[in-house]
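Have a look at the structure below, then the notes.
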Amino acid sequence: MPLPTTLNKVEKGVYLDSVALMRVSRRVSALAGVEAASLMIGTPSNRELLRGAGLLAPEGEGAGANDLVIAVRAESHAAARDALQDAVRFLSEKNTEHTAGLPSARSLAGALELLPGANLALISVPGEFAALEARKALERGLHALVFSDNVPLDEELALKRLARSRGLMLMGPDCGTALIAGTPIAFANAVPRGEIGIVSASGTGLQEVSTLIARMGGGVSHGIGVGGRDLDARIGALGMLSAIDALEEDAGTRTIVLISKPPAPEVAKVVMERVKRSAKRCVVCFLGSSVTLRDAAEQAMNRKVAAFEIPALAKQKAKLVKGLYCGGTLCSEAKTIFAAKGLKGHSFIDLGDDEYTRGRPHPMIEPELRNEHVAAALADPRIGVLLVDVVLGFGSHLDPAGTLAKALNGKTPVIASVVGTEGDPQVWSRQVATLRAAGVAVAPSNAHAVELAASLVA
């Protein structure tokens, strides 16, 4: 019987952003005989991730920061070899449907020659190089959105100081979601333009609030992501403060919504003092307070999220709730709500955390990764309620609800919320219908879902 084999192929001088690599990784992982696959730029940190996932072979050990490592573990040497060949073929395929006719350049200088009127640069390179590229953009008078993560904190601080001194916006690092003048960037949703501006230190927080606003009939002027560390004491909310300034000057914005996981207390005080001076109405949602993401959307719109008709669910006394989340902020919100109700012993897992994504795609891109955890939870007699999120939008899997439905057994109550709109590629109503057909109780927001789950075990 053939033994599992791990093989690597190194493509010298090849760079693709992490989203593109994750998509190819997903296709390779689905090939017959493949147990695991990952494509990563050969930085030291990425090689360590591959090593930890058991995917680094001797060929990959010698890769550099300008090289691409294709790593495959398969049930046999032949299957691994064939998968490497398929990966190379997948990489060579061009997505011309959306890129045909678009200008292409290999440097910032070349891009500006082609688009001399550009005012925003999106940076998606390995973290070691992201600060340098962002600085180049700022020094040329461009706003910068840094999708890259693993940027040192001192470099983030220096970049945000530079941007603020020049009246520019530095979004990120690790900014995975933005809505700029109606254009969704990275993991964002199809949201109409409107009079509500959002500043968020959370990607899925921005997605939840913007899509709830859209489904209530409103729209978003701009959704500005500032990176998850912006309200850390060492950064001091430089990004959020700059974004508030920008939205105050924007004639199309009448209400400003601020979103963050629990900020440093001293930073929260600075932000709230700035809010008091604002000439525009502000809504603040700092998780850990009593304001949920749903509350923030409702306050911004001055109306309630429409209630859903949910079938009666049996009480699950002496049972536990298990939350399996793709969105980190939605997971944090669930923990906050349960803590506020004094409910203990329940567990909520952010499956997008580095602990679960080492050498693997994010579950928003490959939701199949959650199914193994779903199966384990449904088989655990202590679990009375399974709580999940389904996050739609550009960059996400095209049928996350269908993928989740395959793992359900129809016995343990499952409660879900779906983050998205009708304009998303996955179509929000279709995803809701798929879940309901699988016996899932679908709530209109994450907060609604969490509160329903809490009511069953309280």
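Brief remarks on what is shown
- Taking all protein chains into account, the per residue accessible area for segment 207-275 stands at 33 Å² (1.4 Å probe).
- In segment 70-223, Cα pairs under 8 Å separated by at least six residues give a relative contact order of 14 percent.
- Mean residue ellipticity at 222 nm, helices only, the chain: -11500 deg cm²/dmol; runs of at least 4 DSSP H residues each add -39,500 (n - 2.57), and the sum is divided by the number of residues.
- Residue (of Gly342, Gly117, Gly52) at the positive-pole extreme of the chain, dipole from beta-carbon charges: Gly342
- Partner aspartates and glutamates for Lys136 [C-alpha distance under 20 Å; skip if fewer than 8 residues away on the same chain]: Asp17, Glu113, Glu128, Asp149, Asp154, Glu155, Glu156, Asp174
- Ranking Val28, Pro381, Leu231 by how far each Cα lies toward the positive end of the dipole of the chain (charges on Cβ) leaves Pro381 at the top.
- If both residues of a DSSP beta bridge must be in segment 86-198, then about 40% of such bridges are antiparallel.
- For the pair Ala433 and Arg106, label points projected 7 Å from Cα toward Cβ lie 4.9 nm apart.
- Shown here for segment 9-100: trypsin sites (Lys or Arg not before Pro) in loop regions (DSSP other than H, G, I, E, B) with at most 10 other Cβ atoms within 10 Å, namely Lys12, Lys94.
- The lysines whose alpha-carbon is closer than 27 Å to the alpha-carbon of Lys411, local same-chain residues fewer than 8 away aside, are Lys315, Lys317, Lys319, Lys322, Lys335, Lys341, Lys344.
- Within segment 16-107, GluC sites (Glu not before Pro) in DSSP loop having at most 12 other beta-carbon neighbours inside 10 Å: Glu93
- For segment 66-186, the solvent-accessible area with a 1.4 angstrom probe is 52 square angstrom per residue.
- Summary of packing: across the peptides 244-256, 136-148, the per-residue average of other C-beta atoms within 10 Å ranks them, highest first, as 136-148, 244-256.
- Of all DSSP beta bridges confined to the chain, the antiparallel ones make up roughly 30%.
- Placing +1 on the Cβ of every Lys and Arg and -1 on the Cβ of every Asp and Glu, with no other charges, gives segment 150-239 a dipole of roughly 220 debye about its Cα centre.
- The loop-placed trypsin sites (Lys or Arg not before Pro) in segment 296-405, going by DSSP, that have at most 14 neighbouring Cβ atoms within 10 Å of their Cβ come out as Arg303, Lys304, Lys315, Lys317, Lys341, Lys344, Arg382.
- Taking the Cα centre of segment 355-458 as reference, the dipole from Cβ charges on Lys and Arg (+1) and Asp and Glu (-1) amounts to some 240 debye.
- Were the residues from Asn409 through Ala158 laid out at 0.36 nm apart, the gain over their Cα-Cα distance would be 85.2 nm.
- Stretch gain in nm, segment Glu248-Arg382, where the contour uses 0.36 nm per residue and the Cα spacing is subtracted: 43.2 nm
- Shape analysis of segment 158-244 based on the Cα gyration tensor places the equivalent ellipsoid semi-axes at 23, 12, 10 Å, largest first.
- Percent RCO, i.e. relative contact order, over the chain, from Cα pairs under 8 Å lying at least 6 residues apart: 12
- Against the compact-protein benchmark of 2.2 N^0.38 Å, the Cα-based radius of gyration of segment 232-312 scales to 1.25.
- As computed over the chain, the Cα convex hull volume per residue (Å³): 148
- Global form of segment 143-194, assessed from the alpha-carbon gyration tensor, a/c cut-off 1.5: oblate
- For segment 44-146, radius of gyration divided by Kirkwood radius, i.e. Rg to Rh on alpha-carbons: 1.08
- Taking every full run of DSSP H in the chain, the ones that stretch at least 15 Å from end to end by Cα along their long axis and average 0.5 or higher on the Kyte-Doolittle scale are 238-249, 328-340, 446-457.
- Arg166-Lys315 pseudo-label distance in nm [points 7 Å out on the Cα-to-Cβ vector]: 6.2
- Percent accessible area from carbon and sulfur atoms, segment 251-329, protein chains only, probe 1.4 Å: 55
- Relative to the Cα centre, the charge distribution of the chain, modelled as +1 at Lys and Arg Cβ and -1 at Asp and Glu Cβ, gives a dipole magnitude of about 1100 debye.
- Label-point separation, Lys269 to Ile349 (7 Å along Cα→Cβ), nm: 4.0
The values are calculated or read from the model by the stated rules, or taken from the named source; none is laboratory data. Note that the structure is predicted; figures quoted are calculated from it, not measured. Positions of Cβ are backbone-derived with ideal geometry, glycine not excepted, and every protein chain shown enters the neighbour counts. Areas reflect the complete protein model, heavy atoms only, side chains present, ligands, DNA and RNA absent. Shrake-Rupley method; radii C 1.70, N 1.55, O 1.52, S 1.80 Å.
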